[in-house]
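A quick write-up on the structure given underneath.
The values are calculated or read from the model by the stated rules, or taken from the named source; none is laboratory data. Owing to the predicted nature of the structure, the values given are computational and were not obtained by experimental measurement. Cβ: placed from backbone, ideal geometry, glycine included. Neighbour counts: every protein chain shown. Calculation scope for accessible area: heavy atoms of the full protein, side chains included, ligands and nucleic acids excluded. Shrake-Rupley method; radii C 1.70, N 1.55, O 1.52, S 1.80 Å.
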Amino acid sequence: MFDFEVSYPDSRTSVVVRPAVLSQVGTLLRAARGPSAAPRVFLVSDTTVGGLYADRVLTSLRNAGFVPDEFRIVPGEASKSLRVAEEVYRAMAEAQLGRDSLLLALGGGVVSDLTGFIAATWMRGVPFAICPTTLEADVDASLGGKTAVNIPAGKNLVGAFHQPVVVAVDPDCLTTLDPRDVRSGMAESIKHGLITSEELVAWHEDHADRILALEGTAATELILKNLRVKANVVTRDPGEQTGARIMLNLGHTIGHAIEARCGFTLRHGECVALGTLACARLSERLGLLERPVVDRIARLLDRFGLPTSLGVPIATDDIITTLRRDKKARDGKVQFVLLEGLGRPVVRHDVPEDLAAEAYESLLD
């Protein structure tokens, strides 16, 4: 019934990637939680995704004996906020949801991050599950238990680790996405290749056309490869304490700064792609990475239609100021995930600000 399970010290996530799986969500939750599980389920989606898929999921829940309620948020990063979280809390209170209820996220990374954060904090923690509907959420955000909301001071600064009980991915959902969103999601997949192995990088190069066309089983294969990579990393560092999980941050430090300073006019994956290329160039400046590898990374990003230069003018000083507030900074020093080669990530705390600035400015050429 499930493709694989991810085990943590105190919890477990059951993962399935299958076309038409949204019509089986009720059965999957019943299998994961047991026949005696409480019936209340609170579905959170946004108005766009809810209009496409919510009825299918709600019918599946009812057929499996669950009693669902529903709440839809406005699409977009602005909804990943304490204000919107409070709106959902209020709706849950009105529905009289107790500690034995389950939250179900149906949507992309904004919906899954917000729903997970609410689940982690509602009555000090209730279970939740995720049905991701974007490629970014499919390959990255859905697994690992990172939940958060944004505040004016920065992205994802308020959050908690809270593992989902089920992640059910329907690759068919990708066919309704804007092609730009499919391309954006590939940034996280390419990142997984860069931190894992040259073999996975080469797989992306060899299958680019099939992936972008969502041809045949390409999407299912892509998602499963990524989720297995993610599972391997997060099980070694569930709470981001041992350092293994920090490798997943490749491209995100500078990427998040760009994302915040551009007012979220660029997609998350587009910002990650820019951040990844900047960090590859920073790795070269520090003598860690050879120029041909940097060029290969740039070509791969370009092959998937991801940006390799920044079309939005953002002052270098603004980027550096935002970097200093990065949530992964330690003792006032920004942590950068860099590369010593394909599949060879390294964390550096000693990167001079002027070199970080140069790496960012290389995106402005």
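As I understand it, the value is the acute angle between the Cα axis of helix 179-196 and the longest principal axis of the Cα atoms of the chain; what does it come to in degrees, rounded to 10?
With both axes taken from Cα atoms, the answer is about 70 degrees.
Rounding to the nearest 10 and keeping the result within 0 to 90°, find how far the Cα-based axis of helix 268-285 lies from the longest principal axis of the chain.
30 degrees
Enter the angle in degrees (range 0 to 90, nearest 10) between the Cα long axis of helix 252-261 and the first principal axis of the Cα atoms of the chain, meaning the one along which they spread out most.
On a 0 to 90 degree scale, this one is about 80.
In a solvent-free Debye calculation with one equal scatterer on each Cα, what is log10 I(q)/I(0) for the stretch 44-170 at q = 0.09, 0.12 Å⁻¹, listed in the order of the q values?
-0.21, -0.38
Per residue Cα convex hull volume for the chain, in cubic angstrom?
On the way: hull volume 44.8 nm³, N = 365.
Convex hull volume per residue, Cα atoms: 123 Å³.
Note the full-extension length gain between residue 91 and residue 52 as 0.36 nm times their separation in residues minus their Cα-Cα distance, in nm to one decimal. Don't skip to the end; give the middle numbers.
On the way: separation 39, 0.36 × 39 = 14.04 nm, distance 2.19 nm.
Result for the pair: 11.9 nm of gain on full extension.
Can I get the semi-axes of the stretch 54-121's equivalent ellipsoid? Compute them from the C-alpha gyration tensor as square roots of 5 times the eigenvalues, in angstrom, largest first.
Details: eigenvalues 82, 45, 20 Å².
Rounded to whole Å, the semi-axes are 20, 15, 10.
On full extension of the chain, what length is gained from residue 316 through residue 350, given 0.36 nm per residue of separation minus the C-alpha to C-alpha distance?
Details: separation 34, 0.36 × 34 = 12.24 nm, distance 1.91 nm.
Using 0.36 nm per residue and subtracting the Cα-Cα distance, I get 10.3 nm.
Can you give me the relative contact order of the chain as a percent, contacts being Cα pairs under 8 Å and 6 or more apart? Mind showing how you got there, number by number?
Numbers: 678 pairs, mean separation 52.2, N = 365.
That works out to 14 percent.
Classify the stretch 271-339 from the C-alpha gyration tensor, please: rounded if a/c falls under 1.5, else prolate or oblate depending on whether a/b exceeds b/c. Please list the in-between numbers first.
Details: a/c = 2.29, a/b = 1.36, b/c = 1.69.
The shape class here is oblate.
Across bins of 10 angstrom width beginning at 0, how are the C-alpha pair distances of the stretch 251-365 distributed, in whole percent?
The distribution over the stretch 251-365 is 15, 51, 31, 3, given as percents.
I need the peptides 247-257, 296-306 ranked by packing, meaning the mean over residues of other C-beta atoms within 10 angstrom, with the highest value on top. Each step should come with its number before you reach the end.
On the way: 247-257: 24.7, 296-306: 18.6.
Put in order of decreasing packing, that is 247-257, 296-306.
Can you tell me the accessible area per residue over the stretch 278-365, all protein chains present, probe 1.4 angstrom, in square angstrom? Could the numbers behind the result be given before it?
Numbers: 4320 Å² over 88 residues.
Averaged over the residues of the stretch 278-365, the accessible area is 49 Å².
Using a 1.4 Å probe on the protein chains only, how many percent of the accessible area of the stretch 1-112 belongs to carbon and sulfur?
Details: 2460 of 4970 Å².
Here it works out to 49 percent.
Compare the peptides 64-72, 193-201 by average per-residue count of other Cβ atoms within 10 angstrom and give them in order, highest first. If you can, show how the numbers build up before the last one.
Values: 64-72: 17.4, 193-201: 19.2.
Taking the mean over residues of other Cβ atoms within 10 Å, the ranking is 193-201, 64-72.
With a Förster radius of 30 Å, plug the Cβ-Cβ distance of residue 12 and residue 63 into 1/(1 + (r/R0)^6) and report the FRET value to the nearest 0.05. Can you show the working numbers first?
Values: r = 25 Å, r/R0 = 0.82.
With a Förster radius of 30 Å, E is 0.75.
Roughly how far apart, in whole Å, are the Cα centres of the stretch 174-198 and the stretch 230-262?
Using only Cα atoms to place each centre, the spacing works out to 16 Å.
Less than 20 Å apart at the alpha-carbon level, and either on another chain or at least 8 residues along: which lysines does that give for residue 333?
155
If I take every Cα pair under 8 Å that is 6 or more residues apart in the stretch 75-217, average their sequence separation and divide by the length, what percent do I get for the relative contact order?
Numbers: 215 pairs, mean separation 28.8, N = 143.
Relative CO of the stretch 75-217 lands at 20 percent.
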